[in-house]
Amino acid sequence: MAPGEGPSVWALQGDKYTVKAGKGTTGPGFTLLEGEIAPDNGPPMHIHNDADEIFYLLDGELTVASGEEVIKAESGAFIFIPRGAKHKFRNDSNKITKLLFVLAPAGFENFFMEIGSPVVPGKDRPDEPVGYEQLVVQRAEDFGMIIVPE
């Protein structure tokens, strides 16, 4: 797949997710997403009950909290989050952070396709619809992800 290819969506308050591989190409193997995390943004604390997750930072910085550990990651960092581990990440910088996400087994790419709005070249990100947070929580549970209090 060439750079810039793959279906892309806006999701989770302005982040961009591009599917590079998923169930359709890897079978049950893995999901590969390219993420662009907006400044001062990131998901709430959550658990993937059904998937291991890997972050590989391409450009920028990310603060990752997993259990009691907090990691300040920079470009080139590799972080493994085993299934069942409580975690979150946040871009605390003032520029977009680019990274690759790998989730195994495959299938989680469909979460983003279902909750996201398609990226349309040349158009701004649309506002999130009313009830978006409830949709995210519901669909997350359907894909084995639980949002947990901090």
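Throughout, read-outs are computed from the coordinates displayed, never taken from laboratory work. Just so you know, these numbers come straight off a predicted model, no measurement behind them. Here Cβ is always computed from backbone atoms with ideal geometry, including for glycine, and neighbour counts include all displayed protein chains.
Ranked highest first by average number of other Cβ atoms within 10 Å, how do 128-136, 41-49, 116-124 line up?
Numbers: 128-136: 12.8, 41-49: 16.7, 116-124: 10.6.
Descending packing order for the listed peptides: 41-49, 128-136, 116-124.
Using the per-residue mean of other Cβ atoms lying within 10 Å as a proxy for protection, in what order, highest first, do the peptides 23-32, 65-74 fall?
Details: 23-32: 16.0, 65-74: 12.1.
Packing proxy ranking, top to bottom: 23-32, 65-74.
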**Item:** Convex hull per residue volume in Å³, alpha carbons only, for the stretch 1-93
**Value:** 104
**Message:** Run the simple label-point estimate for Val137 and Met45 please: 7 Å along Cα→C-beta, distance reported in nm.
**Reply:** 1.6
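Do you know the relative contact order of the chain, to the nearest whole percent, from alpha carbon pairs under 8 angstrom that are 6+ apart?
Values: 345 pairs, mean separation 45.2, N = 150.
Normalised by residue count, the contact order of the chain is 30 percent.
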**Distance in nm between pseudo-label sites at Lys88 and Leu100 (7 Å out along the Cβ direction from Cα)** = 2.8
**Asked** Label-point separation (nm) for Asp59 and Ala2, each offset 7 Å from Cα along Cα-to-Cβ?
**Response** 1.9
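Return the subset of Lys20/Lys95; Lys23/Lys123; Lys86/Lys123; Lys20/Lys88; Lys23/Lys95; Lys72/Lys98 for which the Cα-Cα distance in this structure is over 26 Å, preserving the input order.
Numbers: Lys20/Lys95 23 Å; Lys23/Lys123 29 Å; Lys86/Lys123 35 Å; Lys20/Lys88 22 Å; Lys23/Lys95 31 Å; Lys72/Lys98 15 Å.
From the list (Lys20/Lys95; Lys23/Lys123; Lys86/Lys123; Lys20/Lys88; Lys23/Lys95; Lys72/Lys98), the Cα-Cα distance tops 26 Å for Lys23/Lys123; Lys86/Lys123; Lys23/Lys95.
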